Amino acid sequence: MVKVVVPSTKEYRFPNICPRCLRPADTSVGITHTKHYVVVRRVERIDVPCCTDHKKEYQFFGVVSAVLWIVILLWSIFSLPIEISFFFVIALVIALPFLLKEIKKRIGVSFKTVGNRTEFTFWNPEYAELFKAANTMEVA
Ligand SMILES: [Zn+2]
């Protein structure tokens, strides 16, 4: 994994290739980062060009995690029979953070903002170099 820190902006210049496989990008996917404040949370979103295959894979994992959250929610609302579901739900709660991390890996890019800078993490070093070159050019 390679970290690239750039000043926060509305427009990041992503190479027009998939961050996972470096094939030409023919679609894009929104990656998010959730910031937690004292009482509110804000979801930041950046669109990243990628290939159709990896977008599908990314969305599939997103659906899986959404379904798991719904299961947990229903369980806590309707209190399903404890003896059947207690360990199942505990297993889900433990598994979910790992799953969410896995989702981020699916597309090969994650980010977080620190102050007025944005820290990107790329799984592909080659892609990271291209991104860095496109986003850290000095303005003449
Ligand atoms: Zn791809």
Check your understanding: Within segment 1-19, can you find the residues that are of a type outside the set (Lys, Arg) and away from the ligand (no atom under 16 Å from the Cβ)?
Key -> Met1, Val2, Val4, Val5, Val6, Pro7, Ser8, Thr9, Glu11, Tyr12
Study note, to complete from the structure: Looking across segment 20-77 at residues that are assigned to a helix (DSSP H, G or I) and among the hydroxyl-bearing types (Ser, Thr, Tyr), the single one that is farthest from the ligand (Cβ to nearest atom) is Ser76
Check your understanding: For segment 32-43, does any single residue satisfy the condition of being within 14 Å of Thr118 (Cβ to Cβ) and at pLDDT 90 or above?
Key -> no
Point to revise | Matching entry among Arg20, Arg13 (being under 18 Å from Lys101 (Cα atoms) and either aliphatic (A, V, I, L, M) or surrounded by 12 or more Cβ atoms within 10 Å (Cβ to Cβ) (or both)) | key: Arg20
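The values are calculated or read from the model by the stated rules, or taken from the named source; none is laboratory data. Since the structure is predicted, the reported quantities are computational estimates derived from the model, not experimental observations. Because the Cβ atoms are built from the backbone with ideal geometry, glycine has one as well, and the counts that use them run over all protein chains shown.
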